[in-house]
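Enquirer: The structure follows.
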Amino acid sequence: MNTTYFKKYLLGCLICCGAACASATLISCSDDEPVGDPERNWSGTTSGFVPTDAKYFGTFFNPAIGRVGDPMPFFDQREGNFKVLYLQEFVDNLAHRFHPIWGLSTQDGCNYQQLGEILPYGDSDYQQDAALGTGCCYEKDGTYYIYYTGHSGYSKYREAVMRATSTDFKTWKKDELWQLNGPDFGYSSNDFRDPQVFMADDGLYHMVISTYPAGGGDPVFAEFTSSDMRNWEHIGHFKMIWDRMLECPDIFKMGNYWYLVYSESVKANWSRKVKYMMASTYAGLKACFNDPGANWPKDGKEGVLDSRAFYAGKTASNGSDRFIWGWCPFRSGNDLHEKNISVGGGDGNEPNWSGALVCQKIVQHADGTLTLGPVPALAAKYNQPQTVDVMASNGYENGRLTGNDAYVLYTRLGYCNHISLTVTTSNNWDKFGISLVRSTDPEYYYTMVVNPESENTRKVNFEQEGYRIVINDNGEEEKVYGKGFIEGIDGYNFPRPADNVYHIDIFTDNSVLVMYINDVCSYTQRIYGIQRNCWSVNNYGGSVTVSDVRVSQQ
């Protein structure tokens, strides 16, 4: 390790350690300004540092120990707040007993109170709920019901649907005498999971369960109905999308339309995203899956709602706003060479299971199609304006970037940031990007590229750019360039704005971010090292104008 690099590494570690200690609260992010040593003047330098995530995430909730698995949100009418149950993932799970259900409460989707463990896993490897899987929560006549998946490798049924009840949301009792088993209704004993309860137009409660027919074949949604939330009658099933298993189903009516939000988990990982189907009636919604290709929402993206870094999304409404909660996965791989930390996903690995909780607002358009937008409370939370200076540039003059390698580098970010800016392209084919973890050193950085897939279609690609200088086998310095396009971190198509004006908002919390473009694109991502490093806007040929650049923090 060379001396310059070693100094930078130690300095980054010292600063990050102090920042992490200063951020030990659930609802705030560290943003203390180092003083004294000129080399620690964040606002006046552009060299790269090695930050680490603070122990607590203030907006995109992550437990102090472990990570968030599949969320199960609902609006608690009795207490007037959202409850978000989730599968608690520990790094050192037991081999066969894992994923107790933990809970949070929130009024606004970006400030949380931890409720701790709600429902433990079973006491024995041989119990049906030795491990817990996702489900839902519902309240009726003063009783709360959790319907969940019981998973065991040693029971008669690998998976079954189970339930627990409570009258105060504090003390829960598992219903040992009630259980839905797939083979009893002609379904698989291995995959019979993810129960979701909702009220349909017939005045009955409906439950859908993700499963397979007992004799094999394509997956289906098994459907049950109940008038009292306790006794359930099997009424049949309806198809999924061809041979693709659809996880975490969520069915609701919003305005004049019925929706089924689902997470598509298939062998073709490119399709592993949160999506939706829509119809004007519940019967029509189920019929959509008879010919999915002909019934995609007319949104130009087959109902895709976000990137592959937002998964297991389920919704809840307080009567005025409907929010969706999913998790942003952690990334693995020692991508930062000597630094021995994970960054961005530059190794191209598939996303891991579990991560940080991300909440977004469901935006319903006039034609019924859906997109995701920022939770309204975010703007109020990120309310401390910061000074934004141009630290370095190339091909930048009077707000315009011109040329293939043009960029403008801005002041360092904090741990939690709201970046807002407007980018205007000069024609229908201009290409631009926003880079994070960028410095003036020979270092890799990570760019969300707004790429023209066609004249009228855009997609956010994720790229590793820049280069590092390494010593080759001959003892000579050699440039090793970034990988470029990173597989496994795919975005989705969205329409080019007719006026070529892109209004962009990016909210970051430690290594998790969500980028919104106009009201047509949301892009969730995990990029390690964002905090305390500079960022840039780049142009790739042609010219773009950058304006209204602002950064606010908590």
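The values are calculated or read from the model by the stated rules, or taken from the named source; none is laboratory data. Being a predicted model, the structure only gives us computed values, none of them experimental. Using ideal geometry, Cβ is built from the backbone for each residue, glycine included, and neighbour counts are taken over all protein chains shown. Only protein heavy atoms, including side chains, enter the accessible area calculation; ligands, DNA and RNA are left aside. Shrake-Rupley method; radii C 1.70, N 1.55, O 1.52, S 1.80 Å.
Enquirer: Got at least one residue in the range 399-419 being open to solvent by 30 Å² or more (accessible area, probe 1.4 Å) and on the phi > 0 side of the Ramachandran plot?
Expert: no
Enquirer: For the structure I just gave you, tell me whether GLN107 is over 21 Å from ILE251 (Cβ atoms), surrounded by fewer than 18 Cβ atoms within 10 Å (Cβ to Cβ) and of a type in the set (S, T, N, Q).
Expert: Numbers: over 21 Å from ILE251 (Cβ atoms): yes; surrounded by fewer than 18 Cβ atoms within 10 Å (Cβ to Cβ): yes; of a type in the set (S, T, N, Q): yes.
Considered against the rule, which asks whether it is over 21 Å from ILE251 (Cβ atoms), surrounded by fewer than 18 Cβ atoms within 10 Å (Cβ to Cβ) and of a type in the set (S, T, N, Q), GLN107 comes out as yes.
Enquirer: Test ILE235 against the criterion of being farther than 15 Å from LEU119 by Cβ and buried (at least 21 other Cβ atoms within 10 Å of the Cβ), and give yes or no. Walk me through how you get there before you give the answer.
Expert: Working: farther than 15 Å from LEU119 by Cβ: yes; buried (at least 21 other Cβ atoms within 10 Å of the Cβ): no.
No.
Enquirer: Might you check whether a residue that is at pLDDT 95 or above, in a strand (DSSP E or B), open to solvent by less than 10 Å² (accessible area, probe 1.4 Å) and not acidic (Asp, Glu) occurs anywhere in the range 378-393?
Expert: no
Enquirer: With respect to ILE251, is the statement that it is crowded, with 17+ Cβ neighbours inside 10 Å and out of contact with any Asp or Glu (no Cβ under 9 Å at 6 or more places or on another chain) true? Before the answer, list the steps.
Expert: Numbers: crowded, with 17+ Cβ neighbours inside 10 Å: yes; out of contact with any Asp or Glu (no Cβ under 9 Å at 6 or more places or on another chain): yes.
So ILE251 passes the test.
Enquirer: Moving on. Is there a residue being part of a loop (DSSP other than H, G, I, E, B), among the charged types (D, E, K, R) and at pLDDT 95 or above anywhere in the range 422-432?
Expert: Initially, the range 422-432 is screened for residues part of a loop (DSSP other than H, G, I, E, B), giving 426-431.
Pick out the ones that are also among the charged types (D, E, K, R) and you get 430-431.
This time we only want the ones that are at pLDDT 95 or above, so: 430-431.
For the range 422-432, residues part of a loop (DSSP other than H, G, I, E, B), among the charged types (D, E, K, R) and at pLDDT 95 or above: present.
Enquirer: One residue is enough: does the range 501-513 have a residue meeting the conditions at pLDDT below 95 and under 29 Å from ASN427 (Cβ atoms)?
Expert: There is no residue in the range 501-513 that is at pLDDT below 95 and under 29 Å from ASN427 (Cβ atoms).
Enquirer: Right, here's the next one. Under the condition of being of a type outside the set (Ser, Thr, Tyr) and free of Cβ contacts under 8 Å to residues at least 60 places away in the same chain, which residue from the range 423-457 is surrounded by the most Cβ atoms within 10 Å (Cβ to Cβ)?
Expert: Taking the range 423-457 and keeping what is of a type outside the set (Ser, Thr, Tyr), we get 423, 427-434, 436-438, 441-443, 448-453, 455-456.
Keeping just the survivors that are free of Cβ contacts under 8 Å to residues at least 60 places away in the same chain gives 442, 451-453, 455-456.
Working: PRO442: 14, ASN451: 17, PRO452: 19, GLU453: 12, GLU455: 9, ASN456: 13.
Among them, the one singled out is PRO452.
Enquirer: So LEU115 ticks every box in (1) open to solvent by 30 Å² or more (accessible area, probe 1.4 Å); (2) part of a loop (DSSP other than H, G, I, E, B) but one. Which box is left unticked?
Expert: (2)
Enquirer: Right, MET240: surrounded by 20 or more Cβ atoms within 10 Å (Cβ to Cβ), closer than 28 Å to ILE489 by Cα and in contact with a helix residue (DSSP H, G or I) (Cβ under 7 Å, 6 or more places away or on another chain) or not?
Expert: Details: surrounded by 20 or more Cβ atoms within 10 Å (Cβ to Cβ): yes; closer than 28 Å to ILE489 by Cα: yes; in contact with a helix residue (DSSP H, G or I) (Cβ under 7 Å, 6 or more places away or on another chain): yes.
Judged against the criteria, MET240 is a match.
Enquirer: If a residue has to be at pLDDT 95 or above and hydrophobic (A, V, I, L, M, F, W, C) to count, how many in the range 338-365 make the cut?
Expert: 6
Enquirer: Among the residues of the range 79-95, are any open to solvent by 30 Å² or more (accessible area, probe 1.4 Å), assigned to a strand (DSSP E or B), at pLDDT 95 or above and touching a strand residue (DSSP E or B) at 6+ places or on another chain (Cβ under 7 Å)?
Expert: Among the residues of the range 79-95, not one is open to solvent by 30 Å² or more (accessible area, probe 1.4 Å), assigned to a strand (DSSP E or B), at pLDDT 95 or above and touching a strand residue (DSSP E or B) at 6+ places or on another chain (Cβ under 7 Å), which makes the answer no.
Enquirer: Can you name the condition, by its number, that PHE57 falls short on among (1) open to solvent by less than 60 Å² (accessible area, probe 1.4 Å); (2) at pLDDT 95 or above; (3) aromatic (Phe, Trp, Tyr)?
Expert: (2)
Enquirer: Same structure, new question: Just a yes or no: is a residue in the range 517-531 open to solvent by 10 Å² or more (accessible area, probe 1.4 Å) and at pLDDT 95 or above?
Expert: Yes, the range 517-531 contains at least one residue that is open to solvent by 10 Å² or more (accessible area, probe 1.4 Å) and at pLDDT 95 or above.
Enquirer: Hey, another quick one. Any chance the range 174-197 includes a residue that's under 30 Å from the mean Cα position of the chain (by Cα), open to solvent by 20 Å² or more (accessible area, probe 1.4 Å) and within 23 Å of GLN114 (Cβ to Cβ)?
Expert: There is no residue in the range 174-197 that is under 30 Å from the mean Cα position of the chain (by Cα), open to solvent by 20 Å² or more (accessible area, probe 1.4 Å) and within 23 Å of GLN114 (Cβ to Cβ).
Enquirer: If you go through the range 513-534, how many residues are among the hydrophobic types (A, V, I, L, M, F, W, C) and in contact with a Lys or Arg (Cβ under 6 Å, 6 or more places away or on another chain)? Don't jump to the end; show me each part of the working.
Expert: Narrowing the range 513-534 to residues among the hydrophobic types (A, V, I, L, M, F, W, C): 513-515, 517, 520-521, 527, 530, 534.
Within this subset, residues satisfying the condition of being in contact with a Lys or Arg (Cβ under 6 Å, 6 or more places away or on another chain) are 534.
Qualifying residue count, the range 513-534: 1.
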